[in-house]
Amino acid sequence: MELLWSSMKALLILSTLLFSSSASSSNVVKTLPGFDGPLSFHLETGYIGVEEDNDVQLFYYFIKSDRNPKEDPLIAWISGGPYCSVLSGLAFEIGPLRFDIKEYKGELPTLVSHPYSWTKVSNILFIDAPVWTGFSYSKSSTNKGDSDIISSKRISTFIKKWLEENPKFKTNPLYIGGDSYSGKIVPVVTHELIKDIEDGREKNLNLKGYIAGNPLISGEDNSNTIFPYAHRMGFIPDELYKSAKKRCRGQYVEPMNSQCAEDVKAMDNLISGIDARNILEKKCVDDNYNFQNHAARRRSLAMDSHMIFSPPPSNLTLVAGIMDSCFHTIGRTTKL
């Protein structure tokens, strides 16, 4: 847990550094404190205004592909949460930077290059969304939150406006990507853009598909995929899983009978010591910090919860499990 707090503190410091470098609507960042020498990649930060009078200002980080920015795909990436800054995706997941946690002792963090960054082969537009996420904000004090559908519409508007301001990327293959809670947002953003293309409003938009990493689809659907996944990973023996599958008929969240409940309890005991977010790591337990309660609050939509959008249309069905990452192209699905 000490390592977690150290990385969070370092992330906050880096956020401040990047923000201070982007006072204008867009700015190219060439150096960062903690990184040895000039950045080895193109980093731009800035704002794009959406809605009437540009009331909502969405912050972004744009990083060009190391390989061929003119032809490589453009990925618009949204973090989960909701309300998790996309900087977490940049620094902890798919971006070109990493924190050197081993050397971190409370001072300015050391930054190192990420050898497996997705920017090796693609341009990535990291977007702080919904409003009030990261450095995104609303000029209006009355605009204090948004629903999933409103946020999705704002993100689709953001993407179109960013491409208008950066027309040289309009012909690049475009993918909408995200993880966790954005499993609810990414398909809807994609659907909004498809409607614009079909209606003739965005004839030159080169939309190819979307990417979903361990996406949240719905609470019940996601929860019901845990045991099948655990069985495939070898944590639950065949005999027990076959019994549970027969007795529960795929519904494990609220056991329908006592026999199903008995099997669910047995499976729960088998996976109780496993970190569901990363099965290869030890489960982190800290007596002084109730992580489960914190995570539950962070992943709930406190405002406008009655407006949560329903699953995406059938022509954009998301093929992914709770702990599975899939690459979804319109018309076909390919495992990463």
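The values are calculated or read from the model by the stated rules, or taken from the named source; none is laboratory data. Computed from a predicted structure; not experimentally measured. Here Cβ is always computed from backbone atoms with ideal geometry, including for glycine, and neighbour counts include all displayed protein chains. Calculation scope for accessible area: heavy atoms of the full protein, side chains included, ligands and nucleic acids excluded. Shrake-Rupley method; radii C 1.70, N 1.55, O 1.52, S 1.80 Å.
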Some residue of the stretch 141-154 being open to solvent by less than 10 Å² (accessible area, probe 1.4 Å) and closer than 15 Å to Leu207 by Cα: no
Flag if Ser88 is touching a residue at least 12 places away in the same chain (Cβ under 8 Å) and more than 24 Å from Lys30 (Cβ to Cβ): no
Matching entry among Lys195, Lys120, Lys160 (being more than 20 Å from Asn68 (Cα to Cα), in contact with an Asp or Glu (Cβ under 8 Å, 6 or more places away or on another chain) and open to solvent by 20 Å² or more (accessible area, probe 1.4 Å)): Lys160
Residue match in the stretch 44-63 (condition: modelled with pLDDT of 90 or more and in a loop (DSSP other than H, G, I, E, B)): no
Candidate set: the stretch 258-275, residues that are assigned to a helix (DSSP H, G or I) and charged (D, E, K, R); chosen: the one least open to solvent (accessible area, probe 1.4 Å): Asp263
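Residues are listed down the side, and each one gets a yes or a no for (1) surrounded by fewer than 17 Cβ atoms within 10 Å (Cβ to Cβ); (2) modelled with pLDDT of 95 or more; (3) of a type outside the set (Gly, Ala, Ser):
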{"site": "Gly80", "(1), (2), (3)": "no, no, no"}
{"site": "Tyr104", "(1), (2), (3)": "no, no, yes"}
{"site": "Val112", "(1), (2), (3)": "yes, no, yes"}
{"site": "Ile127", "(1), (2), (3)": "no, yes, yes"}
{"site": "Thr133", "(1), (2), (3)": "no, no, yes"}
